[in-house]
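Data block below; observations after.
The values are calculated or read from the model by the stated rules, or taken from the named source; none is laboratory data. Note that the structure is predicted; figures quoted are calculated from it, not measured. Using ideal geometry, Cβ is built from the backbone for each residue, glycine included, and neighbour counts are taken over all protein chains shown. Remember, those area values only see protein heavy atoms, side chains included, never the ligands or the DNA or RNA. Shrake-Rupley method; radii C 1.70, N 1.55, O 1.52, S 1.80 Å.
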Amino acid sequence: MAGRRRVSTGVAWADGRSEPAAHTVTPGLRELFLVGAGMVAGLVGTAGGITSLVSYPALLLAGVAPLQANIANLIALVACWPGSAVTSQPELRGRGPWLRRWGVVAAAGGTAGSLLLLHTSAGVFGRLVPFLVAAGSLALLFQPWLAARPSWQDGGGKGRVLLLPVGLLALSVYNGYFGAGSGVLLLALLLLTTDPLMARANALKNMVVGAATITSAVLFAVLTRVDWAAVGALAAGLFVGSLAGPWVARRLPPGVLRWLVALTGLALAIRLWLDPAG
């Protein structure tokens, strides 16, 4: 068909496994679409942790197969880190020691999650994705309830001391494996354990997510084939969106945004459950 091409976005593994994509995509339009989707994802994600619930479905719509879309998404998310770091300087002032300590934990978790993903077959991952997307969407809906639970904040004792390291490590493993909804859960965790002020907890969340994402991106770049055209387009949009996100998204109606993205995520989960090929 003139002017169109079949995009091969399968993952090539050492043992010869692959994950072909079946979508036919017009050259150039895919990248323009991903830039725009990345801007939206970076804008809303750096203010609340819902980046992947926008960017991952966008990659599927652009014709990227599920497992390769996940890898491209995780690498492109690195672009959110510098933008949000620059814009969140007031909230991060004086937090260097905290970030150095817990950034290492997040990076270790991200590495473990990415290694787990690289040992997951495309078929298994395709069956898991609907449930991962649904879990992230439900986490987004329940985040205000989780953050408002006084019993979590008043628990004290050993359980309270362990909540941050155990929770951060577990969520960073999930972030390195898939990530949709991990930012929401991390934000709730930091609101409960570190800082009750949304703006400051959100800035810290963006930094620890960045630490986990960078290690994942390095592993994927070295160990597997990557759709760099999709990564580059999505990353460009994410960077622009993340620069404006901490400022603009504070002025958006949070309840409307939360429900819109969460319900869209649940709809996507149902669609992927009925049609794992996306």
Fill in the blank from the handout: Checking rank on 92-98, 109-115, 234-240, with mean other Cβ inside 10 Å and highest first, the result is 234-240, 109-115, 92-98
Exercise for the section: Provide the gained length on full extension for the span V124 to V218, in nm with one decimal, where the gain is 0.36 nm per separating residue minus the Cα-Cα distance. Expected result: 31.5 nm
Handout entry: Model label zone, L164; criterion: amide N under 14 Å from point 7 Å along Cα-to-beta-carbon; scope region 66-102
Key = 95-102
Problem - Exposure of W145 as accessible area (Å², to 10), given a probe of 1.4 Å and all protein chains - result: 140
Exercise for the section: With label points built 7 Å along Cα→Cβ from the Cα atoms of W228 and L138, find their separation and express it in nm. Expected result: 4.0
